[in-house]
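Before any comments, here is the structure.
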Amino acid sequence: ANSQIASTGDSTKKIEIINAQSLRQIAIDDTTLLETLSGNAVCRQGGTTLSGDSIVLNKRTGTVEVFGNVHINDADTVNTYSSYMLYNSISQIAQLKNNIRFLDGNMQLTTNELQYDVQQGIATYKNGGKVINNNTTLTSKDAVFYSNTKDAFFYENVKLNSPNYSMKADSLRYNTYYRNAYFIAPTEIKTKTSKVRTSSGNYNLENGKANFGNNTEIKDQSVYLTGNKIAVDEKSNSILIEENGLLVDSS
């Protein structure tokens, strides 16, 4: 089956039907005509391919509903899966529900409700979700992921867990490409032997290097450290403190 619906005069906004085992047209009223695709249903808008068990296209509103085994392939780099999707071809925003997996490189996001802005490459969840990046898992109530920069912003009850670290914060920025955590709110970091409390700086989970700002406290067994600027290099087991440095060894 071959057909197109144009939501605007812009050719990049057109939805092109690529494949379907059956195609039907249903006139709801004088101004509303639906096209229903079933059986390996596939349509495309620019560099974005939408597929599922069945698809309903609304010419008047430019909306696309996809049911069952939903898959969005965005420029061959980002893949999104769910059970249901409502897509607006004018705004290019998809609303997805149930069993959602959002894959971008070595990052996998899972949730049950997701808004994905295809044009801007921005994925947002507001009712709980999880991001897995290599051996690191992050959970939160809300999150926004920017595919172009690979930056994710997590909000409310944020938890990060990896083999050597665990973090808790109200808000956290994390880059899935560089595996770098940026502290934008009071944060607690725990390792097997130490605890860090901070509210600014960054921590690279790949190379074990960290930089902390004001009001940072580090407790490592019997040693307590604080200062305005603290740099940590776990591979060399070194800590550099600048400005108002304090070290207390209780032993």
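Hey, could you check segment 24-51 for residues that are aliphatic (A, V, I, L, M) and more than 29 Å from the chain's Cα centre (by Cα) and say which is modelled with the highest pLDDT?
Filtering segment 24-51 down to residues aliphatic (A, V, I, L, M) leaves 26-28, 33-34, 37, 41-42, 50.
Checking which are more than 29 Å from the chain's Cα centre (by Cα) leaves us with 26-28, 33-34, 37.
Details: 26: 83, 27: 80, 28: 77, 33: 80, 34: 89, 37: 94.
The selected residue is 37.
State the number of residues belonging to segment 192-225 that are more than 18 Å from residue 241 (Cβ to Cβ) and in contact with a Phe, Trp or Tyr (Cβ under 8 Å, 6 or more places away or on another chain).
Residues of segment 192-225 more than 18 Å from residue 241 (Cβ to Cβ): 192-193, 204-207.
In the following step, the residues that additionally are in contact with a Phe, Trp or Tyr (Cβ under 8 Å, 6 or more places away or on another chain) were identified as 204-206.
Going through segment 192-225 one residue at a time, the tally reaches 3.
Just checking, which of 83, 54 is at pLDDT 95 or above, surrounded by 14 or more Cβ atoms within 10 Å (Cβ to Cβ), in contact with a strand residue (DSSP E or B) (Cβ under 6 Å, 6 or more places away or on another chain) and more than 27 Å from residue 126 (Cβ to Cβ)?
Numbers: 83 fails: more than 27 Å from residue 126 (Cβ to Cβ).
54 is the lone residue from the list that is at pLDDT 95 or above, surrounded by 14 or more Cβ atoms within 10 Å (Cβ to Cβ), in contact with a strand residue (DSSP E or B) (Cβ under 6 Å, 6 or more places away or on another chain) and more than 27 Å from residue 126 (Cβ to Cβ).
Considering only segment 105-116, how many residues are modelled with pLDDT of 95 or more, open to solvent by 10 Å² or more (accessible area, probe 1.4 Å) and not hydroxyl-bearing (Ser, Thr, Tyr)?
As a first pass, look at segment 105-116 and keep what is modelled with pLDDT of 95 or more: 107-116.
With open to solvent by 10 Å² or more (accessible area, probe 1.4 Å) added as a condition, the list becomes 108, 110-113, 115.
Retained after the next criterion (residues that are not hydroxyl-bearing (Ser, Thr, Tyr)): 108, 112-113, 115.
Going through segment 105-116 one residue at a time, the tally reaches 4.
Got at least one residue in segment 124-135 being out of contact with any strand residue (DSSP E or B) (no Cβ under 6 Å at 6 or more places or on another chain), in contact (Cβ under 8 Å) with a residue 12 or more places away in the chain, open to solvent by less than 50 Å² (accessible area, probe 1.4 Å) and not polar (S, T, N, Q)? Don't jump to the end; show me each part of the working.
Pass one, segment 124-135, residues out of contact with any strand residue (DSSP E or B) (no Cβ under 6 Å at 6 or more places or on another chain): 128, 134-135.
With in contact (Cβ under 8 Å) with a residue 12 or more places away in the chain added as a condition, the list becomes 128, 134-135.
Still in the running and open to solvent by less than 50 Å² (accessible area, probe 1.4 Å): 128.
Checking which are not polar (S, T, N, Q) leaves us with 128.
The answer is yes, given that some residue of segment 124-135 is out of contact with any strand residue (DSSP E or B) (no Cβ under 6 Å at 6 or more places or on another chain), in contact (Cβ under 8 Å) with a residue 12 or more places away in the chain, open to solvent by less than 50 Å² (accessible area, probe 1.4 Å) and not polar (S, T, N, Q).
Here's the yes/no breakdown for (1) in contact with a helix residue (DSSP H, G or I) (Cβ under 9 Å, 6 or more places away or on another chain); (2) at pLDDT below 95; (3) open to solvent by 80 Å² or more (accessible area, probe 1.4 Å); (4) under 25 Å from residue 146 (Cβ atoms):
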{"site": "158", "(1), (2), (3), (4)": "no, no, no, yes"}
{"site": "163", "(1), (2), (3), (4)": "no, yes, yes, no"}
{"site": "181", "(1), (2), (3), (4)": "no, no, no, yes"}
{"site": "188", "(1), (2), (3), (4)": "no, no, no, no"}
{"site": "201", "(1), (2), (3), (4)": "no, no, no, yes"}
{"site": "205", "(1), (2), (3), (4)": "no, yes, no, yes"}
{"site": "214", "(1), (2), (3), (4)": "no, yes, yes, no"}
{"site": "221", "(1), (2), (3), (4)": "no, yes, yes, no"}
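Given (1) part of a strand (DSSP E or B); (2) of a type in the set (S, T, N, Q); (3) at pLDDT 80 or above, where does residue 61 come up short, assuming only one miss?
With (1) part of a strand (DSSP E or B); (2) of a type in the set (S, T, N, Q); (3) at pLDDT 80 or above applied to residue 61, the lone miss is (1).
Taking residue 119, is it at pLDDT 95 or above, open to solvent by 10 Å² or more (accessible area, probe 1.4 Å) and more than 20 Å from residue 185 (Cα to Cα)?
Working: at pLDDT 95 or above: no; open to solvent by 10 Å² or more (accessible area, probe 1.4 Å): yes; more than 20 Å from residue 185 (Cα to Cα): yes.
No; evaluated as a whole, the condition is false for this residue.
The values are calculated or read from the model by the stated rules, or taken from the named source; none is laboratory data. In this text the structure is predicted, and so the values were computed from the model without any measurement. Reconstructed Cβ throughout: ideal geometry from the backbone, glycine too, with neighbour counts over all protein chains shown. The protein model used for the area step is the full one, side chains on, heavy atoms only, and it has no ligands, DNA or RNA in it. Shrake-Rupley method; radii C 1.70, N 1.55, O 1.52, S 1.80 Å.
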